[in-house]
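Okay, structure first, notes after.
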Amino acid sequence: MLKVGIDIGGTKIAGGVVDDDGTVLEKLRVDTPVDTGELADAVADMARHFAESHDIAAVGVAAAGFIDKSRSVVIHAPNIAWRNEPLRANLEARIGRPVAIENDANAAGWGEYRFGAGRGVGDMVMLTLGTGVGGAIVTSGELAHGGHGIAAELGHTRFTRDGRLCGCGQSGCLEQYASGRALQREAGEIADGGGIGAALAQVRAEKGEIAGPAISRLILSGDPGAVEALRRVATALGEACGGFQAVLDPELFVIGGGVAQLGETLLEPVRIAYETSLPGFGDRPIAEFAIAQLGNDAGLIGVADLAGRRL
């Protein structure tokens, strides 16, 4: 059975035809329109394009935001003007096929659970480190949606009291300390301090900013300022995972997003902070940590699989 998975991002819409093994048979990318009507048309056009050359059973659509418990209505989207938007009904009317709607982080987590780093486990938490921190929880083989459909907003758990302001309206959220943006902020503060921040300061002087790829290159070369910036972010992430372990007790944490490209260089300090934050460490089972495997295709693969399961 073939399904279409479509992942709506802030600048690009990525779609693909996905088979039952999670293999992407065809892919397409288009720019994300600003107008919501044009956006829905672009998603429908993409689905119809795939249907011209494939026998499509269902369409899955992933987008950032709060999805209601019925997985039909986008209650609130941070980057798109959707407020209580009946997206599933709108798209089904345009496409003429069953449509499944899912939060983008949930979709990516499900993709990793089914076909990536999470294969073979029953309970998994995924954290995606990008501009913010996306979260997905799989418990006993099912995505956790919560009583209102908007569970697993792990990046917006309160990490510290009276902390940095967050775009969600609160302060001290985890994503202000453990995201790609947080890594850039830490690198900037270290550059301001001189000393070990000399190489970071030089990058900023030459480029006008300290971008993520430049920080990664410095980390992998062993630059002490960049390594310290990573240690701070990894420590925040590991400490948060200790708390998530106390509540959810997953077998596995999967770490995705741009920062995850650092692999074991990231995971080593994460594990140290996790273990030192874990209640009863030394006397209880602990989780494994792994880097996500599906890359940018995780969301479209995951939401396509969910669309097939919800037929």
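The values are calculated or read from the model by the stated rules, or taken from the named source; none is laboratory data. Because the structure is a prediction, the values reported are computed rather than measured. Every residue, glycine among them, receives a Cβ derived from its backbone with ideal geometry; neighbour counts consider all protein chains shown. To get the accessible areas, we keep the full protein, side chains included, count just its heavy atoms, and leave off ligands, DNA and RNA. Shrake-Rupley method; radii C 1.70, N 1.55, O 1.52, S 1.80 Å.
Ala100 falls short on exactly one of the conditions (1) in a loop (DSSP other than H, G, I, E, B); (2) open to solvent by less than 30 Å² (accessible area, probe 1.4 Å), and that condition is (1).
Matching residues to (1) outside any strand (DSSP E or B); (2) β-branched (Val, Ile, Thr); (3) touching a strand residue (DSSP E or B) at 6+ places or on another chain (Cβ under 8 Å):
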{"residue": "Val4", "(1), (2), (3)": "no, yes, yes"}
{"residue": "Gly10", "(1), (2), (3)": "yes, no, no"}
{"residue": "Glu26", "(1), (2), (3)": "no, no, yes"}
{"residue": "His49", "(1), (2), (3)": "yes, no, yes"}
{"residue": "Ala81", "(1), (2), (3)": "yes, no, no"}
{"residue": "Arg88", "(1), (2), (3)": "yes, no, yes"}
{"residue": "Glu92", "(1), (2), (3)": "yes, no, yes"}
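Of everything in the range 65-81 that is at pLDDT 95 or above and open to solvent by less than 30 Å² (accessible area, probe 1.4 Å), the residue that is farthest from Ala105 (Cα to Cα) is Ser72. One residue stands out among those in the range 42-89 that are in contact with a helix residue (DSSP H, G or I) (Cβ under 8 Å, 6 or more places away or on another chain) and charged (D, E, K, R): the one that is farthest from Ala136 (Cα to Cα), which is Arg48. Taking the residues in the range 18-35 that are without any contact (Cβ under 8 Å) to a residue 60 or more places away in the chain and aliphatic (A, V, I, L, M) as candidates, determine which candidate is farthest from Arg48 (Cα to Cα). This residue is Val34. For the range 239-258, a residue qualifies if it is under 22 Å from Gly116 (Cα atoms), part of a helix (DSSP H, G or I) and modelled with pLDDT of 95 or more, and the qualifying residues are Cys241, Phe244, Gln245, Leu248.
Close Cβ contacts (under 6 Å, 6 or more residues apart or on different chains) running from residues in the range 233-261 that are touching a residue at least 60 places away in the same chain (Cβ under 8 Å) to residues that are acidic (Asp, Glu) and in a helix (DSSP H, G or I) comprise Val254/Glu112. The helices (runs of 4 or more DSSP H) found entirely in the range 131-238 that carry 1 or more residues being of a type outside the set (Asp, Glu) and under 22 Å from the mean Cα position of the chain (by Cα) are 180-192, 212-220.
Criterion first (within 30 Å of Ala307 (Cβ to Cβ) and either open to solvent by 30 Å² or more (accessible area, probe 1.4 Å) or touching a residue at least 24 places away in the same chain (Cβ under 8 Å) (or both)) does Gly155 satisfy it? Spelling it out, Gly155 is indeed within 30 Å of Ala307 (Cβ to Cβ) and either open to solvent by 30 Å² or more (accessible area, probe 1.4 Å) or touching a residue at least 24 places away in the same chain (Cβ under 8 Å) (or both). For the range 243-267, a tally of residues being surrounded by fewer than 16 Cβ atoms within 10 Å (Cβ to Cβ) and farther than 19 Å from Pro213 by Cβ returns 3. Taking the numbered list (1) in contact (Cβ under 8 Å) with a residue 24 or more places away in the chain; (2) in a helix (DSSP H, G or I); (3) farther than 20 Å from Thr157 by Cβ in turn, Gln293 passes all entries but (2).
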